[in-house]
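Have a look at the structure below, then the notes.
The values are calculated or read from the model by the stated rules, or taken from the named source; none is laboratory data. Please read all numbers here as calculations on a predicted model, not as lab measurements. So basically every Cβ, Gly included, is an ideal-geometry build from the backbone, and we count neighbours across all protein chains shown.
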Amino acid sequence: MICLQDKYVGGDNIKFITPVFLISFEISFDDAGDKVKAPVEKKVLSNYLSIGQKEFYEAQTSGMKPELKIEVREFEYNNEDTLKYNGVVYNIIRTFPNVKKGTVELTCSKPIMKVM
C-alpha cells in the first residue's frame with residue numbers, strides 16, 4: 001500500500017487524503033450470556049502530521065512513545081481510543097482539538113505487548 005503524505009497548500013487549506021479507521025467497540029452477549037467485545041471500524045480521511053521534537057521527548061519522559069500523529073475532522077471523531085493506519089493498530093495517547101480549524105489532532109503509539 002502506498003502511503004500518501006498530505007501537503008499544506010497555503011494557509012489552512014488542508015487535504016484530507018490519508019485513510020484511517022477509527023475503532024470503537026460494541027459490547028453484546030453471546031448465547032451463554034458472556035460479554036463479547038467486537039471492534040467497529042469507521043473509515044475517515046485524515047491529514048498526516050509530523051511529531052515535533054519537543055513533543056516526542058516530553059512523551060518519552062512519561063514512558064510513552066508517540067509514533068503517529070494525524071488530524072481528523074472534529075465531527076468525525078467520537079472519543080475513540082484506537083485507530084488503524086496502513087494495517088497497523090495504534091492506541092490514541094493524546095488528543096488536541098483545534099477549534100479554529102474544526103479538527104482534532106490524534107497522537108498515537110503502538111500497543112505494548114504484555115509478556116506473561
Check: Would you pick out the residues in the range 80-116 that are out of contact with any strand residue (DSSP E or B) (no Cβ under 8 Å at 6 or more places or on another chain) and among the polar types (S, T, N, Q)?
Finding: 86
Item checked: Matching option when the condition is at pLDDT 90 or above, surrounded by 10 or more Cβ atoms within 10 Å (Cβ to Cβ) and over 14 Å from residue 16 (Cβ atoms), among 104, 72, 89 -> 89
Next item on the list: Could you tell me which residue of the range 9-35 is modelled with the lowest pLDDT, considering only residues that are surrounded by 11 or more Cβ atoms within 10 Å (Cβ to Cβ), of a type outside the set (S, T, N, Q) and part of a strand (DSSP E or B)?
Entry: 14
Next item on the list: Could you grab the pairs with beta carbons closer than 7 Å, sequence gap of 6+ or different chains, first residue in the range 97-108 and under 14 Å from residue 46 (Cβ atoms), second one at pLDDT 95 or above and part of a loop (DSSP other than H, G, I, E, B)?
Entry: 104/77
Note to self: Of everything in the range 72-96, what is assigned to a helix (DSSP H, G or I) and either in contact (Cβ under 8 Å) with a residue 60 or more places away in the chain or in contact with a Ser or Thr (Cβ under 8 Å, 6 or more places away or on another chain) (or both)? Give them in sequence order.
What the structure shows: 74
Next item on the list: Just give me the residues in the range 20-57 being among the hydrophobic types (A, V, I, L, M, F, W, C) and within 17 Å of residue 92 (Cα to Cα), in sequence order.
Entry: 20, 21, 22, 23, 25, 40, 44, 45, 49, 51, 56
Check: Could you give every pair whose Cβ atoms fall below 7 Å, whose first residue belongs to the range 20-36 and is without any contact (Cβ under 8 Å) to a residue 40 or more places away in the chain, and whose second residue is assigned to a loop (DSSP other than H, G, I, E, B), counting only separations of at least 6 or pairs across chains?
Finding: 36/30
Item checked: Selection status of residue 112, part of a loop (DSSP other than H, G, I, E, B), under 15 Å from the mean Cα position of the chain (by Cα), at pLDDT below 95 and surrounded by 10 or more Cβ atoms within 10 Å (Cβ to Cβ) -> no
